[in-house]
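Participant: My questions will all concern the structure given below.
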Amino acid sequence: MTFKKMLLVVASAVVPLLAACGATDEATSIIDSATGEPVAINYPTDAKFVDVAEPSSSVQSAVVKVCPIDDPYCVPVDNCPIDDPRYPYCDEPVCDPVYDWGCEPCDRTNPAAWCYCAPGPINSSTTVRVGREPSASLEVNSLAGTSCNRQVVTGIGARIVSDSNYETLHVEYRQPNADGTLGGRYIARSGSNPYGTLEAWASVPDGYAVVGVAAGQQGTHDLRTLIVYYRRVELTASGVRMTGPVYQLNAGVNPYGSVNATYLNTNDANVFVGVGFSSAVEQTKTIAAHVGTFQ
C-alpha cells in the first residue's frame with residue numbers, strides 16, 4: 001500500500017469518528033437580519049428546563065431562642081408557665097435539629113434529618129477562575145445538584161447584551177450514576193434574562209461530559225465563538241472517570257474565531273459541574289469553571 005493510499009484510508013476512518021463526536025465545519029448560529037445579532041440555530045426544541053431563581057431574602061433559617069441574662073421573663077420552654085402572658089416565649093416550640101428545617105446543629109449524614117445530603121459520584125468541587133479579570137464579579141453563573149451530589153455539564157449556551165454584559169446562561173446537566181451512565185438531560189436557565197435567545201449553544205454527544213470551555217467576542221457585544229472540550233464518562237477500575245481523548249466542539253456564528261479566555265482540565269477525575277462568565281469592553285474577561293471530582 002502506498003503512503004498516499006494509507007493516508008486516505010486513515011482519513012476515511014477518522015472523519016466519521018469526528019462527526020460522531022460533534023465536530024463540524026458549519027456555523028451553529030446565524031445573524032438575525034432584524035437585530036444584527038447572532039442566534040443559535042442548534043438549540044434543542046424538546047429540552048426540559050429548570051429555571052434558577054435569585055435567592056430570596058425572605059427565606060431565613062429558623063433559630064433557637066437565646067435568652068438574655070437580664071430578661072426574667074425569658075425562660076426555657078420546658079419551664080415556662082404557658083398561661084402567663086408575661087412569658088412571651090412560652091409558645092415557641094423546641095427546635096429539633098433532625099426534623100425542624102433550619103435548626104442547628106444538624107447531622108447531614110442522617111437520612112432522617114432535614115439537612116440530609118444524599119451522596120453521589122461527585123461529592124466535592126472547586127471553582128477555578130481564568131481570564132484577564134479572573135476575580136471580577138460573575139454576570140451569569142450556574143451550579144447544579146448539591147454539595148454531596150453534583151451533576152455533570154453536557155451543554156453550554158449564553159447571550160451577551162449591547163453593553164457587553166452576559167445576561168443569559170443556559171447550562172445542560174445530567175446526573176452521573178455509579179455505573180458510569182448518565183441520566184436524562186435538562187437545561188438550567190439563569191441570568192438577568194434567563195429566557196433570552198442564545199447567541200451560541202454547544203451540547204456534547206451521549207456518554208460524554210464537558211471538561212473545558214472557551215469564549216470569544218472578537219471586539220463585539222456578542223458571543224461569536226463558543227468552544228467546549230469534552231471526554232467520555234465511564235466506569236473504570238478506579239471508579240467513574242473521564243476517559244479517552246479530549247474532543248473539541250466549536251459553536252457560534254464564527255465557530256473558529258479567536259477567543260478571549262479558555263479553561264481546560266484533563267485530569268481523569270475532574271469534570272465540569274457548572275460554569276460562570278463575565279464580559280467587559282467587548283471581551284469575555286472572566287470564566288469561572290466549577291470543577292467536580294469523582295470519588
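The values are calculated or read from the model by the stated rules, or taken from the named source; none is laboratory data. Computed from a predicted structure; not experimentally measured. Using ideal geometry, Cβ is built from the backbone for each residue, glycine included, and neighbour counts are taken over all protein chains shown. These area figures cover heavy atoms from the full protein model, side chains too; ligands, DNA and RNA do not enter into them. Shrake-Rupley method; radii C 1.70, N 1.55, O 1.52, S 1.80 Å.
Participant: Quick check: is even one residue across the stretch 210-230 out of contact with any Pro (no Cβ under 9 Å at 6 or more places or on another chain), basic (K, R) and open to solvent by 10 Å² or more (accessible area, probe 1.4 Å)?
Facilitator: no
Participant: Would you call E282 open to solvent by less than 10 Å² (accessible area, probe 1.4 Å) and acidic (D, E)?
Facilitator: No.
Participant: Could we say that T127 is at pLDDT 85 or above, polar (S, T, N, Q), out of contact with any Pro (no Cβ under 7 Å at 6 or more places or on another chain) and not in a loop (DSSP other than H, G, I, E, B) here?
Facilitator: Taking the combined requirement at face value, the residue satisfies it.
Participant: Please go through the stretch 122-146 and give me each residue that is under 19 Å from D51 (Cα atoms) and either free of Cβ contacts under 8 Å to residues at least 40 places away in the same chain or not acidic (D, E) (or both), ordered by number.
Facilitator: L138, V140, N141, S142, L143, A144, G145, T146
Participant: For the stretch 242-257, name all the residues that are assigned to a loop (DSSP other than H, G, I, E, B) and over 15 Å from I41 (Cα atoms).
Facilitator: Within the stretch 242-257, Y256, G257 qualify.
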